[in-house]
1. Here is a list of conditions, (1) open to solvent by 30 Å² or more (accessible area, probe 1.4 Å); (2) on the phi > 0 side of the Ramachandran plot, and Gly95 meets all of them except one; can you say which number that is?
2. Here are some residues: Phe239, Phe220. Which one is assigned to a strand (DSSP E or B) and touching a Lys or Arg at 6+ places or on another chain (Cβ under 7 Å)?
3. Can you find, within region 56-87, the residue that is nearest to the chain's Cα centre (by Cα) among those that are open to solvent by 30 Å² or more (accessible area, probe 1.4 Å) and hydrophobic (A, V, I, L, M, F, W, C)?
4. Name the strands (runs of 3 or more DSSP E) wholly inside region 159-210 in which the number of residues that are open to solvent by 30 Å² or more (accessible area, probe 1.4 Å) is 2 or more.
5. Scan region 148-158 for residues that are at pLDDT below 80 and crowded, with 16+ Cβ neighbours inside 10 Å and jot them down.
6. So Arg221 passes all but one of these: (1) modelled with pLDDT under 90; (2) under 21 Å from Ser172 (Cβ atoms). Which condition number does it fail?
7. What number of residues within region 38-65 satisfy the criterion of being farther than 19 Å from Asp340 by Cβ, in contact with a Phe, Trp or Tyr (Cβ under 7 Å, 6 or more places away or on another chain) and part of a loop (DSSP other than H, G, I, E, B)?
8. May I ask you to list the residues in region 285-305 that are in contact with a Phe, Trp or Tyr (Cβ under 6 Å, 6 or more places away or on another chain) and buried (at least 18 other Cβ atoms within 10 Å of the Cβ)?
Amino acid sequence: MIGYIKKKWNCLVSGLIGILCLSTACNGGDGDKSVESISLKGSIVRTDTLYSRSFRPILSGNILFTTQPSSQDCMYMGRLEGDSLKTLDIFLRYGEGPDEFGYIEMACDGDSALVVLDSRGGRALSVCRFNYGQEGLLDRGIRKYDLKSVDRLTVGASAFVSLSDSTILVNSTDYDSPGIFAVVDYKNGTASVIPWMPDDGFTGDKRISQSLYTENTQLFRIGDRFLYVCGAGRYAFTFTLEDGMLKVDRTLLDKYPEYKGMDDDINYLVKRNVPQLTAAVSDDRIYLLEIAFDQDGNPASDSHTPMFGNIVHCYDFSGNPLTDYILDRPGYSILVDKEDNNMYLYSINDETLDMDIVRYPLPDKSGSK
């Protein structure tokens with residue numbers, strides 16, 4: 001399945017320079033501004049359970065959370081210490097009961113609270129919060145705040161952030177609304193749409209654009225700023241919220257997805273066989289992993305859908321490009337600790353076909369290793 005690491009890696013490495021130059025020339029408003037590229041060598045993180053190698057990981061300080069779509073247990077919580085990951089808790093259960101969950105998404109509120117959004121059939125049902133520390137959950141009691149009164153709110157993976165102990169910002173709205181973001185007050189069961197849409201020139205049914213810009217996206221928060229990363233193109237920007245309005249601060253990458261509406265005015269076609277993005281943030285840096293190769297090592301093209309990448313573009317949180325990191329193996333998801341000490345890559349082991357977590361020590365901000 002993942003035989004390209006052995007078969008084609010030498011060939012891929014020889015082509016990285018050209019791809020890197022191309023991608024560096026697309027850094028939003030910075031045009032052809034070039035940045036330093038640094039090669040990084042990683043080491044495998046030892047884990048005490050396969051639960052840690054699961055789906056949609058998030059990192060808060062040194063605490064790792066993942067969801068478990070293929071298990072009866074919903075959530076994994078562990079603590080990263082150098083090249084090891086220690087399990088702290090496995091909690092929540094899938095099911096139909098009052099204290100069970102359907103499909104869950106998660107976001108951290110600072111370094112002490114986890115916000116869990118429960119949904120079924122794509123529709124958000126409830127939100128609950130869990131306080132945690134370095135040794136695990138501080139309270140296992142479950143209190144769900146009902147969201148069934150919020151019409152047709154669907155939230156995709158990694159596409160919401162906590163604003164307060166009662167509100168979240170979601171990359172989702174009712175399809176009849178004028179935007180793609182909403183602020184949800186889950187304690188009162190209300191949602192306020194932010195009236196903003198990407199200006200990509202599409203003149204068809206607005207529901208098509210709303211679907212595209214709310215599916216498979218990522219949303220991050222650092223302080224009073226936010227990062228949006230589109231899941232279908234090389235499109236990412238930072239923004240703030242002021243008096244219920246969205247203000248774009250900086251466009252990091254400005255290539256909109258290529259798509260068109262169908263004759264039924266509901267469905268659409270999108271070109272997905274092009275390099276795509278997945279992201280991570282620290283306290284003051286943005287990291288974009290370019291997903292550029294398929295499982296056999298072929299560059300993205302009309303006949304090869306990208307799944308992996310090993311070039312990470314680093315920006316400051318004002319959107320200025322800083323460094324391009326070239327990793328010694330490809331992967332599909334990244335995490336970065338808040339101090340910018342380590343980057344973690346989720347990859348596939350070519351021998352066992354299991355997921356690996358690979359740690360890459362990052363140069364300090366003065367440029368030394």
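1. (1)
2. One residue alone meets the criteria, Phe239.
3. Ile58
4. The strands (runs of 3 or more DSSP E) meeting that bar are 181-185, 190-194.
5. Answer for region 148-158, where residues must be at pLDDT below 80 and crowded, with 16+ Cβ neighbours inside 10 Å: Leu153, Thr154, Val155, Gly156, Ala157, Ser158.
6. (1)
7. Adding up the residues that qualify gives 1.
8. Ile286, Phe293, Gly297
The values are calculated or read from the model by the stated rules, or taken from the named source; none is laboratory data. In this text, all values refer to a predicted model and were calculated from it rather than measured experimentally. Here Cβ is always computed from backbone atoms with ideal geometry, including for glycine, and neighbour counts include all displayed protein chains. Surface accessibility is based on the protein's heavy atoms, side chains included, excluding ligands, DNA and RNA. Shrake-Rupley method; radii C 1.70, N 1.55, O 1.52, S 1.80 Å.
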